[in-house]
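Readers should treat all values here as calculations from the given coordinates under stated rules, not as data from a laboratory. Remember, predicted model here, so these are calculated numbers, not experimental data. Neighbour counts run over all protein chains shown; Cβ positions are idealised from the backbone, glycine included.
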Amino acid sequence: MRKIGIVGAGQSGLQLAIGLRKAGYEVVLLSAQTPQQIRDGRVTSSQCMFSTALRLEREVGINQWNQTCPTVDGIEFAIVGPDGARAVRWSARLDSAAMSVDQRVKMPVLLEQLQELGGEVRLVEAKLDDLEALTRECALVVVAAGKGAIANIFARDAARSEFDRPMRALGLTYVHGLRPRPDHSAVCFNVIPGVGEYFVFPALTVTGPCEIMVFEGVPGGPMDCWTGVTSPEQHLNASLGILSTFVPWELERARNVQLTDPKGILSGRFAPTVRRPIARLPSGALVLGMADVVCLNDPITGQGSNNASKCAAAYLERILRHGHEVFDGNWMEQTFEEYWSYARFVTQWTNAMLRPPPAHVAALLGAAANRPDIASWFTNAFDDPRRFFPRFSDPQAAEEFLASAEH
Ligand SMILES: Cc1cc2nc3c(=O)[nH]c(=O)nc-3n(C[C@H](O)[C@H](O)[C@H](O)COP(=O)(O)OP(=O)(O)OC[C@H]3O[C@@H](n4cnc5c(N)ncnc54)[C@H](O)[C@@H]3O)c2cc1C
């Protein structure tokens, strides 16, 4: 039986580990935290996953929250105009629902699921020595440590990384008591030009169904306001202050909110970064990077967990297909390139959303208010961002779409 080593108990590492165990591989997974520590810890993400990513994790047996997690059934999109009112506003349904299960709820269960399947979990925050030992023990070592410091052993790919600094100051606020949207649930996505973005949607957290408020502030601007916020109460107040100033219609829904728990808050920032897929350890052994380690995008488009699921599925398929062959550098490079042939579209679209939209994109977003087909296209492309292209990057293609009759 081939043994595979995985570093990191997040979406990609656990999904790959469970898939490999089910296919009969020996798996050793290094986790920096126990299930209880993850459960008791701080929120890490808003982790909204669309239908393809949900299907891929379901294929390896991850679907424990289907009955308990509220669904996200569409996208509501607004652009705030110079007068502070919504200059653009539309909504559309997703063809298939999305879902967000707090990683504090999900990852401990998946760790236990892996152990029940016979996977070995070792509690260690892996350093170089641990990676060296793992490469001696395993046929392949995959590093799925997300934004963990160990990711820095993979060199930044300057040609594929558009930014060298954080593009948004991020804030998360998990709440109960937010008034549901009428009609159907949705990611309510508000763009405040020059200031940032605010979006909110239903999820499942440690205290039950909730709503997650996500703040994406342009660095140095008025939504970049988390410095000096030290207590959960201050964090909630700062969140409501942003709503009051920039999106008062969202404050109306949030008048009676309370934090889900004192750890249901987060603030921080990071530079979107694409890295080289392979790291060479001092001994000369090679390890392969996965998901956020090698392709880290800003959360503005809510794609990281989706990418992690798709990356895990792609790597699983490549490992199984490789049979008993050696996992050499060539195989690692090709494995990442196969994933990158998808992920590059996610990165290109996400990076574009971090800049003011060019005229043809602004025209499409505006036209969606009167064109349900455009609103539906934009909404459903979140599930597979390749569908944004070529319209997002090519004014001619956007023009043709705008000129086409609705069907
Ligand atoms: C504010 C915010 C909002 C987001 N919202 C969304 C969203 O709505 N939708 C979406 O799809 N994505 C979202 N994301 C992104 C998403 O959470 C990540 O992209 C996704 O979790 C990445 O999965 P991963 O497996 O690569 O890494 P992670 O899920 O980060 O897992 C990495 C794991 O490795 C562990 N680790 C780190 N270093 C070591 C080490 N040395 N040894 C052992 N273990 C280690 C960590 O503790 C962690 O458990 C958001 C992110 C942020 C920050």
* Answer with one residue from Phe382, Ala369, Gln348: the one whose Cα lies farthest towards the positive end of the charge dipole of region 342-407, charges on Cβ with Lys, Arg +1 and Asp, Glu -1. => Gln348
* Asked: Out of every Cα pair in the chain, what percent are spaced more than 32 Å from each other?
  -> 34 percent
* **Positive-end residue of Gly118, Ile38, Cys69, charge dipole of region 1-129 with Cβ unit charges** => Gly118
* Cα gyration tensor, region 67-172 - rounded (a/c under 1.5), prolate or oblate -> oblate
* **Alpha carbon centroid spacing (whole Å) that separates region 235-289 from region 158-206** => 9 Å
* **Between helix 103-116 and the chain: long-axis angle, C-alpha atoms, 0 to 90°, nearest 10** => 30 degrees
* Going by average Cβ neighbours within 10 Å, how do the peptides 58-65, 176-183 rank, with the highest at the top? -> 58-65, 176-183
* Footprinting exposure proxy for Asp129, Asp73 (fewest neighbouring C-beta atoms within 10 Å first) -> Asp129, Asp73
* Name the most mobile residue of Ala139, Ala23, Ala159, meaning the one with the largest mean-square fluctuation, in a Gaussian network model of the chain with Cα contacts below 10 Å. => Ala159
* Cβ charges +1 (Lys, Arg) and -1 (Asp, Glu), total dipole of the chain, debye -> 280 debye
* Asked: Where the only charges are on Cβ atoms (+1 Lys, Arg; -1 Asp, Glu), what is the dipole of region 359-403 about its Cα centre, to the nearest 20 debye?
  -> 60 debye
* Asked: 222 nm [θ] for the chain, helices only, -39500 (n - 2.57) per DSSP H run of 4+, per residue, to 500?
  -> -11000 deg cm²/dmol
* Any chance you could check the Cα centroid distance between region 328-407 and region 1-78 for me, in angstrom? => 26 Å
* Residue order, fewest to most surrounding Cβ atoms within 10 angstrom, among Val206, Val175, Val294 -> Val206, Val175, Val294
* Where only C-alpha atoms are counted, convex hull volume of region 359-403 per residue in Å³ -> 58 Å³
* Structure fact -> In degrees, nearest 10, the alpha-carbon axis of helix 232-246 is tilted away from the dominant principal axis of the alpha carbons of the chain by 40 degrees
* Measure nothing but the geometry: give the 0 to 90° angle between the long axis through the Cα atoms of 128-137 and the longest principal axis through the Cα atoms of the chain, rounded to 10°. => 60 degrees
